1. Name the residue farthest towards the positive end of the dipole of the chain from the options Val162, Thr44, Val175, assuming +1 on Cβ of Lys and Arg, -1 on Cβ of Asp and Glu, about the Cα centre.
2. Given Cβ point charges of +1 (Lys, Arg) and -1 (Asp, Glu) and nothing else, what value in debye, to the nearest 20, does the dipole of the chain about its Cα centre take?
3. Along each principal axis of its Cα atoms, how long is the chain end to end? Whole angstroms, biggest number first, please.
4. Can you check what the net charge comes to around Ala169, using other residues whose Cβ is under 12 Å from the Cβ of Ala169 (Lys, Arg +1; Asp, Glu -1)?
5. Can you tell me how much longer the chain between Glu102 and His214 gets when fully stretched, taken as 0.36 nm per residue apart minus their C-alpha distance, in nm with one decimal?
6. Given 0.36 nm per residue, what is the gain on full extension from Thr66 to Gln92 after removing their alpha carbon distance, in nm?
7. Using DSSP to call loops (not H, G, I, E or B), can you name the GluC sites (Glu not before Pro) in the stretch 69-113 whose Cβ has at most 14 other Cβ atoms within 10 angstrom?
8. By its C-alpha gyration tensor, with a ≥ b ≥ c as the square roots of the eigenvalues, how is the stretch 53-161 shaped: rounded for a/c under 1.5, else prolate for a/b larger than b/c, else oblate?
Amino acid sequence: MSKDDHISDAARLPGGPAPISPQELPEDVAFPEELPPTGPAVVTAAVKAIGGDPEVEGMVDAVGKTRVDVLTCHNAPVPGSTTWSTVTLHTQPNELPMASGESLEIRAELMAVGLPDSDVMGKVLGSCAFAVLQDHWMMAPGVVFGDVVSLYDPQTTTPHIVWCHPFTATELGAVDIEDDLTVHWLVAMPITEAERQWLEAHDYDAFANLLDEHEVTYSDLRRKSVV
């Protein structure tokens, strides 16, 4: 078994968040009638919290069947960097298992931050979004999506990502979009294999504290492991 045999085909996205040529896509994907009714409010909340120079573009999966809309904020959270955020994943069910044996429905959007002149994390976000849409991967703090960074950066020391509370845009932790809809953003934190194993042996809160103690640069895809 190769190191990424467990990765869904939905998570193998060639290319990045570039403009789409409608002629190359099925009509219902190339020309969606509109964002979902809640889409504009989600975009507005994300732009207000993230800042930068925003634009919304579509991303499609490897076979051109599934589309997700992504907000790209150039020069955010700091000049030169880029923040990508999905804006339509909140329409997808996202049931989180509870200790009681019940499940809790939490609607979410995913976000990633990239270094200047690098679109790796934008591509990673696209792969993760399609894994959610097509294979129903769970979105929650502490959930690891394995080997998604190394798909696009074979030299990375941080092949996995763990979803964290949105520390780059804290206002997006919980946003009331409608009376009965609260959307929670999660930000991708690239981690090493050793850190993944440490997280598995402990818990998310302990891991978040560990990263804080070591003042980890979250956008450095070639950093040393903290464990």
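The values are calculated or read from the model by the stated rules, or taken from the named source; none is laboratory data. Everything quoted here is computed from the prediction, not taken from an experiment. Quick reminder, even Gly has a Cβ in these numbers, built from the backbone with ideal geometry, and neighbours come from all protein chains shown. Remember, those area values only see protein heavy atoms, side chains included, never the ligands or the DNA or RNA. Shrake-Rupley method; radii C 1.70, N 1.55, O 1.52, S 1.80 Å.
1. Val162
2. Numbers: 11 positive and 36 negative charges, 131 e Å.
It comes to approximately 640 debye.
3. 48, 40, 39
4. Numbers: positive: Lys48; negative: Glu109, Glu171.
Net local charge, Ala169 excluded: -1.
5. Extending this stretch completely gives an extra 36.7 nm.
6. Numbers: separation 26, 0.36 × 26 = 9.36 nm, distance 1.32 nm.
Additional length available on full extension: 8.0 nm.
7. On the way: sites: Glu95, Glu102, Glu105, Glu109; in loops: Glu102.
For GluC sites (Glu not before Pro) across the stretch 69-113 that sit outside H, G, I, E and B with at most 14 neighbouring Cβ atoms in 10 Å, the list reads Glu102.
8. Working: a/c = 1.66, a/b = 1.48, b/c = 1.12.
Since a/c reaches 1.5 and a/b is larger than b/c, the shape of the stretch 53-161 is classed as prolate.
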